[in-house]
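The values are calculated or read from the model by the stated rules, or taken from the named source; none is laboratory data. Everything quoted here is computed from the prediction, not taken from an experiment. A quick note on method: Cβ atoms are made from the backbone with ideal geometry, for glycine too, and the neighbour counts reach across all protein chains shown.
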Amino acid sequence: MQNLRFPGSKGKLPLRLLSALALTSSLLAGFVVVNEAQSSEGLILFGGVKSESRLPYRFDFGGNANSWDRVRLRIPAKKMNLAAAQFAVSYPDYFKGTFNPEKIEVKVGGKKVPLTEVKWNKEARLLEIFPEEPVPAGREVELVVSDMRTSRFGGMYHFNCQILSPGDVPLLRYVGTWLVSIN
């Protein structure tokens, strides 16, 4: 292999300079990937949830492992094709966090909606949220889960959203998935 030589150099400085530039650029690229992974939809390398099924979310206090936080699970208006008499949020068995049903609220268009009941079924890994009146179709919805204890270890967790429409056959209908990333 031939050394690159520049006028006035002894041959080694330019190679060291090129090595340093290569190392610096790879480190900078790594920082970009880390920042991208902390966005609300996470970094998906292979497979995962289709982009049209992903729902946005946000942690208010960073989403760190083994800590208390508040997560805002959002459902865009375009995803609310039907009115909702119930919201059901399921999560995987490897999520070891906790929820406080008394600290869960629903906001529609930024305004708090009164709830009749919130149930946390630990065995079924399901949060069931019942508004007093059905949430109309075509409205932006935010499920605010306060006093949430995040899982002890970080990772990516699929929180699935389903709704039950009023007067409908009592079957939950899939709305989308939040790819919740805990640091």
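Just a few scattered comments:
- Exactly one residue out of 114, 131 is exposed (fewer than 14 other Cβ atoms within 10 Å of the Cβ) and over 19 Å from residue 64 (Cβ atoms): that is 114.
- Residue match in region 31-44 (condition: at pLDDT 95 or above, within 17 Å of residue 142 (Cα to Cα) and not hydrophobic (A, V, I, L, M, F, W, C)): no
- Qualifying positions in region 135-153 - closer than 12 Å to residue 85 by Cβ and crowded, with 17+ Cβ neighbours inside 10 Å: 135
- Flag for residue 65 being outside any strand (DSSP E or B), in contact (Cβ under 8 Å) with a residue 24 or more places away in the chain and out of contact with any His (no Cβ under 7 Å at 6 or more places or on another chain): yes
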